[in-house]
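The values are calculated or read from the model by the stated rules, or taken from the named source; none is laboratory data. In this text the structure is predicted, and so the values were computed from the model without any measurement. So basically every Cβ, Gly included, is an ideal-geometry build from the backbone, and we count neighbours across all protein chains shown. Heavy atoms of the whole protein, side chains included, go into the accessibility calculation; ligands, DNA and RNA do not. Shrake-Rupley method; radii C 1.70, N 1.55, O 1.52, S 1.80 Å.
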Amino acid sequence: MTITKGFATFLFLTLFLAAPVRAETVTVGGDVFAAGADAVVGEAAGRDAFASGFSAALNGDVTGDGHAAGFDVDVDGTIGADLYAVGGFVSVSAPVGEDVTASGFSVRLRPGADVGGNARLTAGRIEVDAPVAGSLMAAGGRIRLNAPVSGDVRLTGGDIGFGGGARIDGELVYAAPEEIDIPQGVIAAERVRFIQLASDEGLREMREAFQEPGQLFWPSFFAMLWGFIVSLAFLTALGAILIAFAPRLVAEGYGKAHDRPGPSILLGFLALATLFGLVPVSAMTIIGIPLIPVVILFIVASWMLAYLLGTYSVALRLGSAFGFDAADNTRKLLALFVGLFVMAMLNFIPLLGWLINFVVVLLGLGAIALMIVDRFGGRGSAVPAAAPADTGPSPTDGSTDDGGATAADETGDKASS
């Protein structure tokens, strides 16, 4: 099994806990939101449309921007403005009024998916069968251009080819392991620049991810159930390791989430946007292309740690409210396990369950970000109690915070006198 295949399987198992089970579609202020195992926006959207799930589809016409994320993404409705799509297999079959930004293991612009602006594509396998009115930037293991592009084209890939319908009106800059023959009907030789790649190992891994796609991405019901069990056991074991061997970091993270939940969620949203932005940024540079699998793995690891910390914080806080005393590591681990199980079960509540899980991820990611900001900002790391139990100051201990405050007041009184 290649690195990319192993990562894809790990990604499926990790995100299975946080994926909504039942499909739900709501409209808010003209925006249409769809989430679930099969998230489909089938109605026309007066503004923007959002679809997220194992399978995501934008089948209705969208006046504004279209957003879709899932293992299988299909865009069959016309998009009036920009399209943003990420997933395992991304297929666009309808016109897009402005730009297309898509990333996945496979991305295809099918005939009829005319792009009115620029196209930015990153995938293991890329096929462009629709005309692009603007510029095209594509990076992947295998790239095929079979349609005209009115602007400039920049391609980075291990296997680049051009079909009979390909034509480039602007300039072409392509980076590949070796120079290729480009037909004169595609572009004149004086408008072509070649950059040789020192290594195409990362691109080769991306290309090999498509040898057996069906077995990789569409497991049976029992495989999904087994994945649920394995994911729950893995996250619990990882939490046990962190609680036992990094108690101060866990306690500090809990303190940030407990004491500053609002800033944590807000900062978590900004941090998540930054993490996902690393993928297209890496694709824009030749050096960064082989690092894309590493960047994605880092995103998944950050998501997983944030999910653990957020669940742990919420579980301890709610447990404390009901009189549960997490006085030792065994009780803390028990609280984490119950929290993970409850969070997974919440996904059976349409849309709301997924939103709760997402907010928990933002809470944990924001707490981690606050820890990093405080350290680089020179504020140190004040480690609170790992559990929200009220220990209180000892009446005979003069080193408590109250005692320190009293000493400071006495010093101030003497100075003022």
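Total residues in the range 312-325 satisfying the condition of being over 32 Å from the mean Cα position of the chain (by Cα) and touching a residue at least 24 places away in the same chain (Cβ under 8 Å): the figure is 1. Can you confirm whether ALA102 is outside any loop (DSSP other than H, G, I, E, B), open to solvent by less than 30 Å² (accessible area, probe 1.4 Å) and in contact with a Leu (Cβ under 8 Å, 6 or more places away or on another chain)? Yes.
Hey, among PHE162, PHE217, which residue is hydrophobic (A, V, I, L, M, F, W, C), buried (at least 16 other Cβ atoms within 10 Å of the Cβ), modelled with pLDDT under 90 and more than 30 Å from VAL314 (Cα to Cα)?
Only one candidate qualifies: PHE217.
Among the residues of the range 113-126, which ones are in contact with an Asp or Glu (Cβ under 9 Å, 6 or more places away or on another chain) and small (Gly, Ala, Ser)? If the condition is that a residue be in contact with an Asp or Glu (Cβ under 9 Å, 6 or more places away or on another chain) and small (Gly, Ala, Ser), then ALA113, GLY116, GLY117, ALA119, GLY124 are the ones that fit. If you go through the range 346-372 and keep only what is modelled with pLDDT under 85 and exposed (fewer than 15 other Cβ atoms within 10 Å of the Cβ), you end up with PHE348, LEU352, LEU355. Inside the range 82-93, residues that are without any contact (Cβ under 8 Å) to a residue 24 or more places away in the chain and assigned to a loop (DSSP other than H, G, I, E, B) make up a count of 1.
Could you grab me the full set of residues in the range 310-334 that are surrounded by 22 or more Cβ atoms within 10 Å (Cβ to Cβ), aliphatic (A, V, I, L, M) and in a helix (DSSP H, G or I)? Scanning the range 310-334 gives VAL314, ALA315, LEU316.
Looking across the range 295-309, just one residue is within 18 Å of GLY353 (Cα to Cα) and either touching a Cys at 6+ places or on another chain (Cβ under 8 Å) or surrounded by fewer than 21 Cβ atoms within 10 Å (Cβ to Cβ) (or both), and that is TRP303.
If only residues of the range 72-92 that are open to solvent by less than 10 Å² (accessible area, probe 1.4 Å) and within 19 Å of the chain's Cα centre (by Cα) are counted, the one that is nearest to ALA273 (Cα to Cα) is ALA85. Applying the selection to the range 136-159, what residues are open to solvent by 40 Å² or more (accessible area, probe 1.4 Å) and not in a strand (DSSP E or B)? Listed by number, the residues that qualify are ASN146, SER150, ASP152. On inspection, ILE187 passes the criterion of being part of a loop (DSSP other than H, G, I, E, B) and open to solvent by less than 10 Å² (accessible area, probe 1.4 Å). Does GLY112 count as at pLDDT 95 or above, out of contact with any helix residue (DSSP H, G or I) (no Cβ under 8 Å at 6 or more places or on another chain) and either at positive phi or not in a strand (DSSP E or B) (or both)? For GLY112, the condition - at pLDDT 95 or above, out of contact with any helix residue (DSSP H, G or I) (no Cβ under 8 Å at 6 or more places or on another chain) and either at positive phi or not in a strand (DSSP E or B) (or both) - is not met. Picking from ALA35, ALA49, ALA44, which residue would you name as being buried (at least 17 other Cβ atoms within 10 Å of the Cβ), at pLDDT 80 or above and in contact with a strand residue (DSSP E or B) (Cβ under 8 Å, 6 or more places away or on another chain)? Step by step, each of ALA35, ALA49, ALA44 is checked, and only ALA49 is buried (at least 17 other Cβ atoms within 10 Å of the Cβ), at pLDDT 80 or above and in contact with a strand residue (DSSP E or B) (Cβ under 8 Å, 6 or more places away or on another chain).
Test ALA273 against the stated conditions and say whether it is more than 20 Å from LYS332 (Cβ to Cβ) and out of contact with any Pro (no Cβ under 6 Å at 6 or more places or on another chain). The answer is yes for ALA273. Output the residue which, of all residues in the range 52-63 that are in a loop (DSSP other than H, G, I, E, B) and touching a strand residue (DSSP E or B) at 6+ places or on another chain (Cβ under 7 Å), is surrounded by the most Cβ atoms within 10 Å (Cβ to Cβ). The qualifying residue surrounded by the most Cβ atoms within 10 Å (Cβ to Cβ) is GLY53.
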